[in-house]
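See structure below.
The values are calculated or read from the model by the stated rules, or taken from the named source; none is laboratory data. All values reported here derive from a predicted model rather than from experimental measurement. Backbone-built Cβ (ideal geometry, glycine too); neighbour counts: all protein chains shown. Protein only, heavy atoms only, side chains kept; ligands, DNA and RNA dropped before computing areas. Shrake-Rupley method; radii C 1.70, N 1.55, O 1.52, S 1.80 Å.
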Amino acid sequence: MTQTTQAVQQPVLTEQQRHEAVTALVPATVAGMPPTAQSFYAVVRSNGTLARGFEAVSAANLGTGVYQVIFAHDITGSAYLGTLGLDTDSGESPAGEIAVVGRFGAPNGVFVQTFDAAGNPADRGFHLAVLS
């Protein structure tokens, strides 16, 4: 059986979201890297709230299975790694899939989509790492 996953267009940043992203931004070097190469992370609950993180400024649920995570550094050109997970130390995370990509219009943001096991958009908690 073949599964198909529906892609969702990124919604345009609101002025408030753009202001939040720009305010939290630390400029990159000419090579596109932060002043020191680092790893950042965020643990986000299924409702879009930030449970914890390192250099994660905010997280938001933009719609069913659609999120943005804003970091304090320009992460353009970084690697984004996402996995479904809980905000607790143990338990069972629901099955599903995750897709991560840079946030259009916010050089310090990541756009995240989560899906249930059938490939339908679904709110899921996740862990996100940014390697830069």
What list of ³J(HN,Hα) couplings, whole Hz, do you get for the range 115-132 from phi and the Karplus terms 6.51, -1.76, 1.60, once you set θ to phi - 60° and write x for glycine and proline?
9, 7, 5, 8, x, 8, x, 8, 6, 9, x, 8, 10, 10, 10, 10, 10, 9
For Gly102, distant residues with modelled amide H under 5 Å away
Phe111
In whole angstrom, how long is each semi-axis of the equivalent ellipsoid of the range 69-132, when you take the square root of 5 times every eigenvalue of its Cα gyration tensor and sort them from largest down?
23, 14, 9
Provide the per residue accessible area, probe 1.4 Å, for the chain, rounded to a whole number of square angstrom.
53
Would you calculate a helix-derived [θ] at 222 nm for the chain, using -39,500 (n - 2.57) for each DSSP H run of n ≥ 4 and dividing by the full residue count, to the nearest 500?
-2000 deg cm²/dmol
Using 1/(1 + (r/R0)^6) with R0 = 22 angstrom and r between the beta carbons of Thr23 and Asp87, what's the FRET efficiency to the nearest 0.05?
0.30
If the elastic network links every pair of Cα atoms under 10 Å, which of Phe40, Phe104, Phe115 fluctuates the most in the Gaussian network model of the chain?
Phe104
Of all accessible surface on the range 35-132 at a 1.4 Å probe, what whole percent is carbon and sulfur?
54
